[in-house]
Structure formats: C-alpha cells, structure tokens
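Engineer: Handing you a structure now.
The values are calculated or read from the model by the stated rules, or taken from the named source; none is laboratory data. Not measured: the values here are computed from a predicted model. Note that we place each Cβ from the backbone using ideal geometry, even for glycine, and neighbour counts take in every protein chain shown. Areas reflect the complete protein model, heavy atoms only, side chains present, ligands, DNA and RNA absent. Shrake-Rupley method; radii C 1.70, N 1.55, O 1.52, S 1.80 Å.
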Amino acid sequence: MNFEQSDDRRMLSETLRRYLAEAYDISHRNAVAYDAPYHDPEKWAELAELGLFYALVSEDKGGMGGHGFDIVTVFEELGRALCPEPVLGQLIAASLMADLDDLMAGTRYAVALSERDAPYDLSDISTEAVNDRLTGRKSVVYGAPAAEILLVAARQGDEISLWEVPASEVEISGYAMIDGGPAGEVFFDDTPAKLVAADARKMLANAMDRGALALCAEALGAMDVVQDMLVDYLKTRKQFGQPIGAFQALQHRAIDLAIEIEQARSIVILAASAEGTEAFPKRAAQAKHLVGKIARLVAEEAIQMHGGIGITWEYPLSHYAKRLVMIDHQLGDSDWHLERLMAGLAAT
Amino acid sequence: MNFEQSDDRRMLSETLRRYLAEAYDISHRNAVAYDAPYHDPEKWAELAELGLFYALVSEDKGGMGGHGFDIVTVFEELGRALCPEPVLGQLIAASLMADLDDLMAGTRYAVALSERDAPYDLSDISTEAVNDRLTGRKSVVYGAPAAEILLVAARQGDEISLWEVPASEVEISGYAMIDGGPAGEVFFDDTPAKLVAADARKMLANAMDRGALALCAEALGAMDVVQDMLVDYLKTRKQFGQPIGAFQALQHRAIDLAIEIEQARSIVILAASAEGTEAFPKRAAQAKHLVGKIARLVAEEAIQMHGGIGITWEYPLSHYAKRLVMIDHQLGDSDWHLERLMAGLAAT
Amino acid sequence: MDLSFSPRELAFQAEVRRFLQEALPPEIAERVAHGKGPTRDDMERWHAILNEKGWLSGNWPTTHGGCGWGPIEQHIFEEESALANAPRIVPFGLKMLAPVLMKFGTTAQQEEYLPRILDGRDWWCQGYSEPGAGSDLASLKTRAARDGDHYIVNGQKTWTTLGQYANRIFCLVRTATEGKPQAGISFLLIDLDTPGIEMRPIRLIEGGYEVNEVFFTDVRVPVANLVGEENEGWTIAKFLLGHERTNIAGTGFSVQALEKVKALGRTIQRGGKPLIQNPLFAARLAEVEAELDAMKITNLRMLSKAAQGGTLGAEPSMLKIKGTVIRQALNDLARRALGPAAAPFPSEELDNLAITPAEHAHAAADYFNNRKISIYGGSNEIQRNILAKEMLGR
Amino acid sequence: MDLSFSPRELAFQAEVRRFLQEALPPEIAERVAHGKGPTRDDMERWHAILNEKGWLSGNWPTTHGGCGWGPIEQHIFEEESALANAPRIVPFGLKMLAPVLMKFGTTAQQEEYLPRILDGRDWWCQGYSEPGAGSDLASLKTRAARDGDHYIVNGQKTWTTLGQYANRIFCLVRTATEGKPQAGISFLLIDLDTPGIEMRPIRLIEGGYEVNEVFFTDVRVPVANLVGEENEGWTIAKFLLGHERTNIAGTGFSVQALEKVKALGRTIQRGGKPLIQNPLFAARLAEVEAELDAMKITNLRMLSKAAQGGTLGAEPSMLKIKGTVIRQALNDLARRALGPAAAPFPSEELDNLAITPAEHAHAAADYFNNRKISIYGGSNEIQRNILAKEMLGR
C-alpha cells in the first residue's frame, strides 16, 4: 500500500502547477475564458510543448501516461488554476482513436456527444449517420468553438457509431460557458464524415468514464484552492471584534467541508486506481456522483461563509464556485451517476 | 384567516393536557407501556369518560368532533404526554364504521391492515376472505393485544374488503413496541367474520390518511416537549465553564430544529384544514412525509446535543426520541408518502 | 382555525389580479419571467403605473396619503405581483426611507421627500454596509464631522443596490467615536450630486451589475438632512431592520419558481419520458413543494398575528432562513434539470440558438445570483444569532 | 500510488480469516450478528481463545510480549474480526491501560498488571467521565486526598462501560485544586472490591445495560497505584485520547452493516418486487455505499501514513466523525427498510414470531443504541473543535 505519487507524476504536477499559476493568473484567465475563442491558443501551444497531451496517452500509443493517476495528476492542476483550456475533449478523444500523434502534438479535438434531449445518455441520441453522412444537432459541445477536429457519436442502424469531421466543415455556434471556457452548438446537415468505429458504445462509455474521472480531479484541485481561500478568510476577516473563524458555527461548518473534501479526494483515488479494470464504471460513477454533491456543497458553503464578497466577479472565489457547480453539468450529473449505481444494486 | 383554536377545542386540549400530565407521568407511562397489555385499561376507561372518543366522531354519527382539527387537538396532547393508549386504532375504526356508539363508549378497536410483505400498501395484502371466513396473517397490528374488536382488511376477489371479528376469536400474539404501547401479530385461519364493506379501498385510504394526520399531530406534541427539554438543557448544562447554549454551533443547530418544528406545525395545520376535501390525500402525504423527516431529525439532534444522558432510559428524552423515530413506521413512512407525491407529480 | 382569506381579502385579491392583468406591460413581465429584467426603464414605468393607480404606497398609513393596507393585503399584493412577474417595487424609498421619515423625520422632511418618492423624482439608495462593517454593522467607520451648518462626510459604503440609478442615498454615518459603537451613529440624507461622491459598480458572480461601492471624500451635507437626533441613528437602523414583515419569506417568488420547475419537468425529455417521471427529480421536487406549502402556512400564521396587532418575535428570522433555503433549492433544481443546457453564459446571440426554453436561459445565472438572498439583509447566520438570543436568552 | 496490500499483508489477512473461521465459535458469531451479544461469557471465551493464539496483544510491542503489529496489520485484524462477527475486544485493559502502563507505569506495575490483563484475571474498566465532566473532562471533581500511604477517593464516575463485569477501574482523579483544572489531575488504579465503591447500572434507550455509574465513598487506594507522577494525569489522559488510531473509522462494522442492508433489500418484498429495486431505497443505499467506499480509502491513507511513521494530525478526528455518520446512516436504513416490522421491542418470545429475518430483529434497537457512537470517546462536536483548532489555529 502506498499513497505517494510516483516521481514522474510529481514532476509533471509541479511543472504544470508552476506553469499554470503564471500563465493563468485570474485576470488573464477571465479575459480569455469569456471572449472568443474562449481559451488561449498560444498557451495551448505552450502546454503542448510542455508535453501535457503525452501524459494523457499510454505508452503503447506513443504517449507517456494515460493511466487513471496520470489523468488525475493533470486535471487536478488544471482545476487548481481554473484553466479554461479544453483539455477534456483531448482526453476523451485520446480514449477513442488509434493514431494519436496529431493529438499529442496539440491538434485540438472536441467530442460531440450530448444533444438537447440526450444530455448524458448516448442511448437517447438522435443524430444519424447514413451513407457516411451525418445529420442532426449536438448541443453544448465542450471545446467546440476551439476545435480543429470533431469526433461525433451518431446513430447508425441499431448501433452507436463514432465519426471524425474537420471542424471547418461544420456549422458551429460557439459561446462561453457561464463558468468560462468554450462550448458550442454543432449542426450537421448531410455532412460527410469519416467512420472511426461502427459499434462505439463500449469505447465511448469508457472514454466518458475517463472524462468523468478527469472532471472529478479538476474539481478536487479547485476545491483545494477554495478550502485555502476559506481558511485564510476565516482567519483574517474580522466582525464583532474577532476573526470570523472564532465563531464556532462557522468553525464546524468549515470542518465539515474539509471532511467532505477528503472524501472527494479518496473517491478520486479509488476511481483512478480502478481505471482499466472491470470495476471502473462503478468507481467512476461513485466518484462523479460524490464529487458532484461535494463540489456544490463546497461552492455554496464557501460563498455563504464569505458573505457578499464571495459573489463578486472580482474576488476569485466566485469563479471557482461557478466551476465547481457547473462541473456537475458535464458528462452526467450527480443524480445521473447515482441512477447508474442504483441500477447496479437492483441487478444484484 | 384565523389561526386560533376554537373555544371547544381549546377546552378539550386543556382538559386532556391536565388529565394526561397527571395520569401518565413518565414512570407510570413506562411501567404500563412495556408490560402486557402495554397500556392502562383503567385510564382508558377514564379517557372514555372524559369524552375523548366523542371528539373523534362527527356529529352526524353522534359524536362531537371528528374533523381534522379535532384529530389534531386530541393527538397533539397524546403526543405531549407520550400516552401509550391505542387511540389510533379507535380513530381509524371510527372512520370505517356506521354505528359508533360502542366505540365512543370505550370498546377498544384495532384495525388490522399491514402484513409482512405489505406494510403500507393495501394493494399488496394477501389475507383472503372466502365465504365470510378470513385466512392470513396481519403483522404489527397496533393495539392488537388490547383490542376487543378487530377490523380487518382482506382480499375478496378483486376487491379489498373490510371485516369485523371479535378479538377473542382470533389468535393474537401481543408485544410491546420498542417505543412502548401495544402491537401484535394476528393470525386468521378460516376464521368467521362479519362483512363491513365489500369494496373498502377508498374508505380505508381515507381512514389511513386520517390516521396519518393523527400521527403527525402526535409527533408535533412530542416535538414541542423535546424542544422545551432541549432549550432547558442548553440553558442549564454547563461545560467549559459556560452553559452549552453559549456555544454557537449548538445554538445554530437548535435554531434549525426550531424552524423545522414550525414547518411541521404548519404542514399539520394545512393537512387538518384539508381533511374532508379532495386535497386531503396530497396534504396528508405531505404532512406524513415532512413530519417523518423532521421528527427523526429532532430526535437525533436532541439526543446528540444532550450527549450521553439523552440515551439513558431514565431521562424522558430517550422515550420521546424513540416515539418520534418510530412514528415513521406507522401508516407509511416518509419515503412511502414521498412516492405518493412523486406519483402525483408524474401524473400532471 | 380558518386558513382562507375573508370575503374582503378575496375581493382585494381579485382586484389586484385584474389590475396586474390589465396594467402590467407584457414585455416587462416577459423580461422578468426570463431573468432579463426588469431594466431601469421597466422599473420606472411600473413605478409610474402603480403611482397612478395609487397603489405604490400600499404600506403607507392613510394619514400620509397611503393605502393603509394591513399585513394581509400587503402580502396579497406582493404575492400576486410576483406570480404575475411584475417588477419588484424598489424598496429603498417607499418601504425603507418613507417609514423612517414618518416616524423620525421632521414635518419639513416629510413634506419635501415623501411626494418626490411617490412621483419618482427621487430614486433613493441605501448606504449601510461598509467593507469592514457587514454583519457587524455597528462597527461602521464612515465619518460625518460637524462643520457649522454642514457635516463633512468621508468614508466608503458598499453593497448599495441599484445605486447606479439613484439620485439620493440615506446613510448611517459615525458622528461620535466615544462609548459603545452603536452610540455614535447618525442617519443622514445625501444628494448624490454633491461633489466628492463617486459610485463604482460591482460586477457580480453571474456577470451582472446591481450593487455598488460609494466613496465619500469631504462631502458637504446640510445639517438639515439629519433624520432624528444626532447619534441616535442606531435606533432608526434597528427600526428599519425590523420593519419589513410581509415579504420576508418571498413565497410569491418561490411559488413562481416552483411552477417553472414543474413546467420544466414536463417539457424536458429524458430517455423518451418527461423528466418529471424520473424518480430522483420527482422526489426532490415533491420534497421542496412540501417545504414550500408548509412555509406558506407559517407565513400566513405570522401575517395573521401581525394583522391582529400581535408582536412578532422569532417569526421573521425563521421565515427569512427557510424562505431563502427554499428559493435556493428551487433555483438549484431548475439548473440541474437543464443539464448541459444550463452551461452557456447568457447573451443575446444565445437566444437564437434556443438551447433551453427561453424562460430558462438564465437558470444558472439565477442560481448563482440568488446565493445573495441568504447573505443580504442580515445573513442567515445573523438571523440564527437573533433567534438564539431570543430562544436561549443569550 | 498502490492501494493494494503487500504480499505479506495479504498473507496475514488470509491467516486472520482462516483463524476466525476455525476458532470463532459459531454460536458467538451468530449472537453478535443478530445483535444479541456478545454476552459476558462470549467476551471471556473469545478473550481466552485469542490469548491462546497469542493475538490478544496485537497492538503491544514485542518488547512487552506483544505481537508488535503495525497499524495495517491491526486494521486487517480488526476489520476481519468485525466482518466475521467476532466480539470486539474489550479495549479498556488491552488497548488503553496497557499502553499507559508501558509508557508511564513502573516496572513493578507493568509486571503486576500486564499478565493479568492477558490471562483475563483482571477485567478493567474506565473511570473518566463524571456527571458534570463529560466533554469538559478537565472539570472532573472526584477527589483523591493523600492520607499517608493511601489516597482517600470520594466522588462519582459515570458512563463506565461494562463496569458491571470488571474487577478493576482506572480513574482520573483530582489530587490538587490549584492552577488550571488540568494541572491537578492524577491517574489512579483502583480495585473494585475496595470498600466504599458502589457500581450502579444505567439502562440505555433501547433497554439494555452496558454503562454504569460508580460511586466512591472514602475509598482507600494505595499510593503505589498511582501511575505516573501525581498531578500529571492529564498527560496520560491526552496520550490515551490520541492513542487509538486503527479502528476509529469502524470500517469493518460499516462494511458488515452495508452487506446486511443489501441482503435486506434483496429479501424484503414491496409491491411484489425486492425493495432494492425501489428507487428511493436504492438511492439511499448507493449514496451511503459511495461514502463508505471513499472513507475506506481515507482510512487506508491514514494507516499508510501511520505505518510509515508519519504523525497524524486531523485524520483521526475526521474519521471519527465520518465513520460514525456512516454507521448511523446504515442503522437508519436498516430500520427504515423493515417498516412496521422494526417496531416490536426485542424479546425472546418475539423470535418465534419471525416478524423479521432473525438477524434484523434488533434493527431498531441497534439504531437507537448506536446514537452513542457519535457521543462517546469525544463527541463529534469535540472532534470538530479539535479540528478547528488545528485548521484555524484557535
């Protein structure tokens, strides 16, 4: 039993932390996160040079990582820095394709899965592939306005298939997310596409679980920052002649948050360790469920204990809080993953 | 709009409160509640003389009450005193029969509804009526070992029918409930019975909702007592040189409880006001759902804030706490009633 | 026990409904319903319409030309207004300053300011909180030093709601530093055109602007603008904090939010079925509906007591806490129901994409913005402290 | 990162499992599983069996004849024991007094008492809390006044677990009243046969007996029974409070409780289907399972740190809080799953009625009794205070 990070991952983590802290100070972060293309292409290139995308790819595909704990290492740091770069799409794409050289070099991918009436469950999608052409609409595709290549899930006969389309050949309406970063509507109208996999259901499910793990780790990184902000605020903000951290009601609530954050950390570790095994779907669902709840609680409680300052745009907490809440809207929310767990129980 | 009790009900309430406080001081209450017949037949007779059962019956059937607020008035006082008398069976029976003279005079009724695999939902019962004879087992029938007459729900063809059987002609295994008071297993084996209603489903549903309202009011009365105990304890118990009520974390939790108790009071008022109208099933379900949750919370939090003393047999709080928790096990628990509400929403 | 309104109250309710249906411009109601308003213009138009009807001063006593509504009429008006998506009346002049002037102001002050509040010539805002004095209001530092017929005001106020539209501000200022912090506070009326005042907007979490910082540098305020006695401002502050009684629970807003969530549950499809048939969603919805239905009764119990002249103790604080928790739970449910569709940052262009039904495009923004309701006007923690003092005597 | 046990640890786990299977009397395991035990006799039998195996002293260092297990071995032993429904080792002698004697006791004390703990001649109980000194242990009042070679002890202890079976008690007593309350406390060993001691059982909420009050009236205790220095007992108390590290989360008990609830969900029929298919039940079960799976990792992280010699700060208090919350949630779920069948007061006669599966007849009693776990050993509120001090420096 050993809960230490490997040396390689610790180095990656430190490199990323140093780079991101400098590259994405909060004012630059907000400047790029809310204006088209809603991220910073120059910094994306620098991240590629740092080898970020190699960390998401296994050695047998030419990368230097790709395991659960690599995903966690990378996304925890992205979360700490509130980095708006659409790395999530890159990770999901990396789980879906055979040739990843371009991806590792920094070609931007977005994976178009969700639709208006099928936000989380691929079984419900209606985008259709007929004769190597796609028709339909994908909604709130993360990274879409920044992407060079799209991977698209579509119904073909009874199967869920996967397709590749250059972003330039599709109509994309991009916008910022409320917590910053790029997303968009993607419209297919008899659009030519290249088949990646005719029966992609299993592969997609696994890729989405890896994405869910990444989002959990991102939340964990952000929660650690919020926790530090909160502790600092409780120690320094004075009301009624005392630091507000002297008030026992706030103390106990802050402690309950700290305990929940440790729970989040543990379930992320558990899910990461299960990545690549049969247990992964259950562990990923547990992680996304639990982290979804905890992240929302941390956001709400941290704001409440900060008072007014916590809901100002200028104070960074508000942006962390938004990210923590909105992470639950990506790749299945806490209830959706709870339903997966319930189905698992009912089947026993 | 007027939230004052009528004079009649106020008098009833005061009379009952005075009588019960004297008749059921906690040591007498515990002495009778845990030893066969698990209630006090002498006091039952006195309650009958006080006219208690007339308050549960409407004027057109010879009583003096029977409305939602009468039920609430009576059961709130029973809850305050932690009275173990099986008045609930009497109330339910009163909602089911035409001739209530014996009932009002004090003949004890128990209503046998639940079965092991059908604790709350009559649709699932398996006790059967064939040729005016009953076969089956009713489980955890409240008041059974004290009853003189049983009313029994049984399946007859496609209908849920209702039957009357003298308790002396049935095998009853009685026991105390963990929170005191009588309950028992009732075994029917080709037992002769008198038909009360061939299609009793609607009538039973309404009687059970009236029972649920009564249980909510009982919980409310008990919660008010627990609240007083807690406030008193917070003011007087000293630790670290101060009354523990000086500690803000406990203050805030006590306040949150007080707010919940007001919510419970309000939903009971709402349900009582709806009794006899089309809205009653929904209001009763809301009340039993909400009160079930709140009563449990009040019990758990009051114990926790009392510390060790709260879980001793000698200190009355423990018995109130048990009653508050176990009320949720009668006539549908908070989840079962939530499911009724969910079904109502889904149907809109 | 009788939970229903009296025939007179029912008639009033019907009258309010009729008026709202006739007088409330639909485009304003739509903006409010969709979370895009009210705009400044909407607020001013609605103010004028209500003034013309004579209903702007519902809470004012008839002796001051008001309608003299009791707590129940006020509640009916506020609830119906919320349900009709009317703009909420900007309370600073009508509901806060006016009662203060009636109770503490001179006849001259009443005659000068009350008509200007009604006809909209004055838009008042509030200068209470400071960066170092939020929950602990008594520690405020903005200084008003006497200089002949004037006070010289220096300091900073914050969280001044809608200050960007206001032309006047009423402030708590420090006129003495001896004794208890509460002792040296005064209540001052300040014209925002006076030299030395700077109003800076504060952007909020969801991207909008509604509160401001106000900076005072050697601002000369006539002594005639003092309300009540010098150093007696804390009495006024307490009067005001305890004054608002009828809309604390915000039941109208919550009822409206609940109906929106229900409609959402029926509209949104998940797995080929309406979301409202999903057990987890339905459970959360049914739970909050029961909470809200209970709180409506708690609210009516308080109003009924107030209408009969009873003194209110704990009730307003309880309603503030439960009311905000319920509204926030409804905002949370709406946001979650939308799934990814709640993620886009609201904008004009987005409307054309119809990612959500139009009335829900601001669901996430509303959720984030409404974190404020458990913070402002005495945070829920402060309310719990007030209640603890009453319940535990400390 | 590697969450699995090492081959050595796995071999140990297998050995523990084998031993439990072979050595644990099935009737004892059944009584434990059904909430009817362990009885006094069960505890003594199991104590003797473990002593014969040499595993009673798992946490003792080899220098004192113990097994010298590290934190991970101890955890494995405790978790497997819980899963096998073994009686929990009575901790007062083995896990509390013994480490105290090893660290603070004289050689004579060690030689006299340690063997008697192992072979069962002494059953120790604990005299810490008093009616006026619960969470605030330092305010204890039981007085030990020096009289030549003896202390004369007067006062009252309470919450003395299993005191009814014990022949000895270790106590915190007051030997001085000057200075800070912590300063005048001493740690004293008392033979319960000494004249002047009365042990009175306290009946608990669910009807059982496990704790006691102990009254001391002029009880003469040899000065030789003092452990450590006079007036230095607080150091020992703190040592003990911080000593137990491996079973704080109680994961074994929770895992076992979870499995029981799952089995219940599969057994109980509702509407012709197993309860586990009911969405609300399944949701609550899946939620607490995720919490438990997470806490198991938190627990292992702490053990791994302890095994590597790291100092533990906040972890034990966090695990105490979360561990009790989870166990109580599982007790709550089991009770609710049973519906009315949970209502009967457990008794011998009831068993024949088979109202519930036998192993669940005590579900409600367990739920009520286990309210204690968030109260004793430093209530969850005290744990939060400890954590706040560490996190906020106050």
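Engineer: Take the residues of region D:30-44 that are part of a helix (DSSP H, G or I) and touching a helix residue (DSSP H, G or I) at 6+ places or on another chain (Cβ under 7 Å): which is least open to solvent (accessible area, probe 1.4 Å)?
Structural biologist: Filtering region D:30-44 for residues that are part of a helix (DSSP H, G or I) and touching a helix residue (DSSP H, G or I) at 6+ places or on another chain (Cβ under 7 Å), the one least open to solvent (accessible area, probe 1.4 Å) comes out as D:D42.
Engineer: To continue, here is another question. Filter region A:273-283 down to the residues that are in a loop (DSSP other than H, G, I, E, B) and buried (at least 21 other Cβ atoms within 10 Å of the Cβ) and list them by number. Even if it seems obvious, please write down each step before you answer.
Structural biologist: If we filter region A:273-283 for residues that are in a loop (DSSP other than H, G, I, E, B), which is where we start, we get A:275-279.
Scanning region A:273-283 gives a single hit, A:E275.
Engineer: Something else: Quick check on region D:350-377: of everything there that is over 25 Å from the mean Cα position of the chain (by Cα) and closer than 20 Å to B:D328 by Cβ, which residue is surrounded by the fewest Cβ atoms within 10 Å (Cβ to Cβ)?
Structural biologist: Only one residue fits best here, namely D:I355.
Engineer: Restricting attention to region D:128-155, and to residues there that are touching a Lys or Arg at 6+ places or on another chain (Cβ under 8 Å) and of a type in the set (S, T, N, Q), which single residue is most open to solvent (accessible area, probe 1.4 Å)?
Structural biologist: Among those residues, the one meeting the criterion is D:N154.
Engineer: Here's a check for you: in region D:50-76, which residue that is surrounded by fewer than 16 Cβ atoms within 10 Å (Cβ to Cβ) and free of Cβ contacts under 8 Å to residues at least 24 places away in the same chain is farthest from D:G309 (Cα to Cα)?
Structural biologist: That would be D:E52.
Engineer: What are the residues in region A:298-319 that are in contact (Cβ under 8 Å) with a residue 40 or more places away in the chain, within 11 Å of chain C (Cβ to nearest Cβ) and more than 19 Å from C:G208 (Cβ to Cβ), if any?
Structural biologist: A:E301, A:A302, A:M305 - these are the residues of region A:298-319 that are in contact (Cβ under 8 Å) with a residue 40 or more places away in the chain, within 11 Å of chain C (Cβ to nearest Cβ) and more than 19 Å from C:G208 (Cβ to Cβ).
Engineer: Considering only region C:311-335, how many residues are of a type in the set (G, A, S) and open to solvent by 30 Å² or more (accessible area, probe 1.4 Å)?
Structural biologist: 2
Engineer: Working only within region C:282-310, note down all residues that are in contact (Cβ under 8 Å) with a residue 12 or more places away in the chain, more than 9 Å from chain B (Cβ to nearest Cβ) and either open to solvent by less than 30 Å² (accessible area, probe 1.4 Å) or farther than 24 Å from B:L338 by Cα (or both).
Structural biologist: Correct list: C:V288, C:L292, C:M302, C:A306.
Engineer: Output the residues belonging to region A:320-340 that are within 14 Å of chain D (Cβ to nearest Cβ) and open to solvent by 20 Å² or more (accessible area, probe 1.4 Å).
Structural biologist: Within region A:320-340, A:D335, A:W336, A:E339, A:R340 meet the criteria.
Engineer: Still on this structure, please answer the following. Any chance you could count how many residues in region C:32-55 are under 18 Å from the mean Cα position of the chain (by Cα) and under 15 Å from C:N85 (Cα atoms)?
Structural biologist: Counting residues in region C:32-55 that are under 18 Å from the mean Cα position of the chain (by Cα) and under 15 Å from C:N85 (Cα atoms) gives 12.
Engineer: Is it the case, given these coordinates, that B:I269 is more than 18 Å from B:L220 (Cβ to Cβ), of a type outside the set (S, T, Y), out of contact with any Cys (no Cβ under 8 Å at 6 or more places or on another chain) and within 9 Å of another protein chain (Cβ to nearest Cβ)?
Structural biologist: no
Engineer: Quick one: which residue in C:D218, C:D193 is at positive phi, away from chain A (no Cβ under 14 Å) and of a type in the set (D, E)?
Structural biologist: Being at positive phi, away from chain A (no Cβ under 14 Å) and of a type in the set (D, E) holds for just one of C:D218, C:D193, which is C:D218.
Engineer: Could you check how many residues of region B:103-122 are without any contact (Cβ under 8 Å) to a residue 12 or more places away in the chain and open to solvent by 60 Å² or more (accessible area, probe 1.4 Å)?
Structural biologist: 1
Engineer: When only residues in region B:218-242 that are at the interface with chain C (Cβ under 8 Å from one of its Cβ atoms) and open to solvent by 10 Å² or more (accessible area, probe 1.4 Å) count, which is nearest to C:L292 (Cα to Cα)?
Structural biologist: In this case the residue turns out to be B:V231.
Engineer: While we're on this one: Go over the candidates D:V173, D:V211 one by one and state the one that is outside the structural domain of D:M43 (by TED's automatic domain parsing) and under 21 Å from the mean Cα position of the chain (by Cα).
Structural biologist: Of D:V173, D:V211, the one residue that is outside the structural domain of D:M43 (by TED's automatic domain parsing) and under 21 Å from the mean Cα position of the chain (by Cα) is D:V211.
Engineer: Please work out which residue is nearest to C:P87 (Cα to Cα), limiting yourself to region C:199-250 and to residues that are among the hydroxyl-bearing types (S, T, Y) and either open to solvent by less than 30 Å² (accessible area, probe 1.4 Å) or out of contact with any strand residue (DSSP E or B) (no Cβ under 8 Å at 6 or more places or on another chain) (or both). Break it down stepwise before answering.
Structural biologist: As a first pass, look at region C:199-250 and keep what is among the hydroxyl-bearing types (S, T, Y): C:209, C:217, C:235, C:246.
Still in the running and either open to solvent by less than 30 Å² (accessible area, probe 1.4 Å) or out of contact with any strand residue (DSSP E or B) (no Cβ under 8 Å at 6 or more places or on another chain) (or both): C:235, C:246.
Working: C:T235: 31, C:T246: 17 Å.
Among those residues, the one meeting the criterion is C:T246.
Engineer: Next question, about the same structure. Within region A:252-270, can you find the residues that are farther than 13 Å from A:Q286 by Cβ and open to solvent by less than 20 Å² (accessible area, probe 1.4 Å)?
Structural biologist: First pass over region A:252-270, keeping only residues farther than 13 Å from A:Q286 by Cβ: A:252-262, A:265.
If the condition is that a residue be farther than 13 Å from A:Q286 by Cβ and open to solvent by less than 20 Å² (accessible area, probe 1.4 Å), then A:H252, A:A254, A:I255, A:L257, A:A258, A:I259, A:I261 are the ones that fit.
Engineer: Looking only at region A:284-317, count how many residues are surrounded by 24 or more Cβ atoms within 10 Å (Cβ to Cβ) and either on the phi > 0 side of the Ramachandran plot or of a type in the set (D, E, K, R) (or both).
Structural biologist: The total comes to 1.
Engineer: Sticking with this one: So which pairs qualify, if the first residue must be in region D:22-47 and of a type in the set (A, V, I, L, M), the second must be exposed (fewer than 13 other Cβ atoms within 10 Å of the Cβ) and not in a loop (DSSP other than H, G, I, E, B), the Cβ gap must be under 8 Å, and the two must be at least 6 apart or on different chains?
Structural biologist: Listed pairs, sorted by first residue: D:A23/D:K53.
Engineer: Now for a separate question. Show me the strands (runs of 3 or more DSSP E) entirely contained within region A:136-217 in which 2 or more residues are within 14 Å of chain C (Cβ to nearest Cβ) and open to solvent by 10 Å² or more (accessible area, probe 1.4 Å).
Structural biologist: It comes to A:171-176.
Engineer: Of a type in the set (S, T, Y), open to solvent by 20 Å² or more (accessible area, probe 1.4 Å) and free of Cβ contacts under 8 Å to residues at least 60 places away in the same chain: does that describe D:S347? Spell out the reasoning first.
Structural biologist: Working: of a type in the set (S, T, Y): yes; open to solvent by 20 Å² or more (accessible area, probe 1.4 Å): yes; free of Cβ contacts under 8 Å to residues at least 60 places away in the same chain: yes.
Yes; evaluated as a whole, the condition is true for this residue.
Engineer: Residues that are assigned to a helix (DSSP H, G or I), farther than 30 Å from D:K141 by Cα, of a type in the set (A, V, I, L, M, F, W, C) and out of contact with any Phe, Trp or Tyr (no Cβ under 6 Å at 6 or more places or on another chain): does region B:299-309 have at least one?
Structural biologist: yes
Engineer: Among the residues of region D:77-94, is there at least one that is over 20 Å from D:P38 (Cβ atoms) and open to solvent by less than 10 Å² (accessible area, probe 1.4 Å)?
Structural biologist: Checked region D:77-94: no residue is over 20 Å from D:P38 (Cβ atoms) and open to solvent by less than 10 Å² (accessible area, probe 1.4 Å).
Engineer: Look through D:G323, D:G339 and report the one residue that is on the phi > 0 side of the Ramachandran plot and either part of a helix (DSSP H, G or I) or touching a Ser or Thr at 6+ places or on another chain (Cβ under 6 Å) (or both).
Structural biologist: So the residue among D:G323, D:G339 that is on the phi > 0 side of the Ramachandran plot and either part of a helix (DSSP H, G or I) or touching a Ser or Thr at 6+ places or on another chain (Cβ under 6 Å) (or both) is D:G339.
Engineer: Can you tell me which residues in region C:383-392 are more than 7 Å from every other protein chain (Cβ to nearest Cβ) and either touching a strand residue (DSSP E or B) at 6+ places or on another chain (Cβ under 9 Å) or open to solvent by 30 Å² or more (accessible area, probe 1.4 Å) (or both)?
Structural biologist: C:N385, C:I386, C:K389, C:E390 - these are the residues of region C:383-392 that are more than 7 Å from every other protein chain (Cβ to nearest Cβ) and either touching a strand residue (DSSP E or B) at 6+ places or on another chain (Cβ under 9 Å) or open to solvent by 30 Å² or more (accessible area, probe 1.4 Å) (or both).
Matching residues to (1) part of a helix (DSSP H, G or I); (2) surrounded by 15 or more Cβ atoms within 10 Å (Cβ to Cβ); (3) not polar (S, T, N, Q); (4) not assigned by TED's automatic domain parsing to the domain that holds B:A219:
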site: B:R17; (1), (2), (3), (4): yes, yes, yes, yes
site: B:A45; (1), (2), (3), (4): yes, no, yes, yes
site: B:Y54; (1), (2), (3), (4): yes, yes, yes, yes
site: B:G66; (1), (2), (3), (4): no, yes, yes, yes
site: B:T73; (1), (2), (3), (4): yes, yes, no, yes
site: B:E76; (1), (2), (3), (4): yes, yes, yes, yes
